[in-house]
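**Student:** Sharing a structure with you now.
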Amino acid sequence: MEISELEQLLSGARSLCVLTGAGVSAESGVPTFRGPDGLWRKYRPEDLATPEAFARNPLLVWEWYAWRREIIGKAQPNPAHHALVELETQMAARPGSRFTLATQNVDGLHERAGSSNVIRLHGSIWVLRCTECGEERWDESVPLDPFPPRCASGDPPCGALMRPGVVWFGESLPPEAWGRAAEAAAAADVFLVIGTSALVQPAAALPLVAKRSGARLVEINADPTPLSDLADLTLTGKAGEILGALRGRMNTQ
Ligand code: APR
């Protein structure tokens, strides 16, 4: 029933904006942050995901990101990722319509599934940034060598320590990414929020921006969140199963 309601809402959408969180990658084996086995249950974010933590102990922080790169490197996109690729394709075939996918995830699984123009609100675990010259490079090597990574730009090479190209607590989001996401949320007629606890700002404000601008808000999540009461439609369960079922229906139409 809910899936057919979702399907109906999506089939009428002209400006669809999607926000995803760690829950969309959970079925790919990538740990979430605040779930029962969430990373923040085992580790203290202030020790691992802040600029201060990196300044204090860069090796500890890098060892943690190296561990996450290893897990993510082995992970495969799941039916939720694939269904969003299909939705993007379907929207592209609808004249005058638009589709925007913004993610809090740094794992790159949306792109690996085939999504295009993904807005990476919190950066990417595959990007390394020099702490001195700011040079960035895309690097999917697991393990990293040298470890921790050093900047190779310039001649002679800069040689300074590189940091993960992700947004840490206390840091601002990339302005261009935030601007695109906020604009798309305000222009949406349907806003889909998937697999996020909706606790971390400013990303968690995007569904509210959309709702205030008149969009229908749909939440797909394993557990209730602060958005659940605001949503026009809530589908509780695993994103891979729910969006997998939706995709099955989209394909039979
Ligand atoms: N399908 C759908 N939802 C799921 C699934 C699943 N298979 N598994 C877990 N969830 C839900 C959980 O119920 C939870 O509400 O996904 C949500 C994940 O929430 P968090 O772990 O808090 O992750 P997220 O919201 O993405 O965190 C936001 O916080 O730690 C920082 O920068 C980090 O981007 C991250 C941000």
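Any read-out appearing in this document is the output of simple, stated calculations on the displayed coordinates, not a laboratory observation. Since we're looking at a predicted model, the values are computed, not measured. For neighbour counting, all protein chains shown are included, and Cβ atoms are generated from backbone atoms with ideal geometry for every residue, glycine included.
**Student:** Please list the radius of gyration and Dmax for the stretch 136-238, considering alpha-carbon atoms only, with Å as the unit.
**Tutor:** 19.0, 58
**Student:** For Cα pairs less than 8 Å apart in space and 6+ apart in sequence, what is the mean separation divided by the residue count of the stretch 1-71, i.e. the relative contact order in percent? Don't jump to the answer; show the numbers that get you there.
**Tutor:** Numbers: 33 pairs, mean separation 10.2, N = 71.
This gives 14 percent for the stretch 1-71.
**Student:** Next question. With all distinct Cα pairs included, what does the Kirkwood hydrodynamic radius of the chain come out to in Å, to one decimal, could you say?
**Tutor:** Details: mean 1/r = 0.0528 Å⁻¹.
When all Cα pairs of the chain are included, the Kirkwood radius is 18.9 Å.
**Student:** Using the count of nearby Cβ atoms within 10 Å as a rough guide to exposure, how do Leu60, Leu10 rank from fewest to most? Before the final figure, lay out the partial values.
**Tutor:** On the way: Leu60 12, Leu10 18.
With the sparsest Cβ surroundings first, the list reads Leu60, Leu10.
**Student:** Using only alpha carbons, build the gyration tensor for the stretch 3-81 and give me the equivalent ellipsoid semi-axes, biggest first, whole Å.
**Tutor:** One finds semi-axes of 34, 14, 12 Å for the stretch 3-81.
**Student:** So what are the stretch 175-226's ellipsoid semi-axes, whole angstrom, largest first, if each one is the square root of 5 times an eigenvalue of the alpha-carbon gyration tensor?
**Tutor:** On the way: eigenvalues 63, 38, 13 Å².
One finds semi-axes of 18, 14, 8 Å for the stretch 175-226.
**Student:** Okay, moving on. Comparing Leu144, Leu208, Leu87, which has the greatest mean-square fluctuation in the GNM of the chain with Cα pairs linked when under 10 Å apart?
**Tutor:** Highest fluctuation of the listed residues: Leu144.
**Student:** Assuming 1.306 mPa s and 10 °C, estimate D for the stretch 23-151 with Stokes-Einstein, Rh taken as the Kirkwood radius over Cα pairs, in µm²/s. Before the final figure, lay out the partial values.
**Tutor:** Details: Rh = 16.3 Å.
The calculation lands on 98 µm²/s.
**Student:** Now a separate question. Based solely on its DSSP helices, what 222 nm [θ] is calculated for the chain when runs of n ≥ 4 H residues each add -39,500 (n - 2.57) and the sum is averaged over all residues, nearest 500 deg cm²/dmol? Please report the intermediate quantities before stating the final value.
**Tutor:** Working: 10 runs with 94 residues, N = 253.
Counting only the DSSP helices, I get -10500 deg cm²/dmol.
**Student:** Can you order the peptides 149-162, 180-193 by their average number of other Cβ atoms within 10 Å per residue, highest first? Provide the component values of the computation, followed by the final result.
**Tutor:** Details: 149-162: 14.7, 180-193: 21.6.
Taking the mean over residues of other Cβ atoms within 10 Å, the ranking is 180-193, 149-162.
**Student:** Continuing with the same structure: Which lysines, if any, have their Cα less than 28 Å from the Cα of Lys211, not counting same-chain residues under 8 positions apart?
**Tutor:** Lys238
**Student:** Express the relative contact order of the chain as a whole percentage, based on alpha carbon pairs under 8 Å and six or more residues apart in sequence.
**Tutor:** Values: 444 pairs, mean separation 62.0, N = 253.
Relative contact order of the chain: 25 percent.
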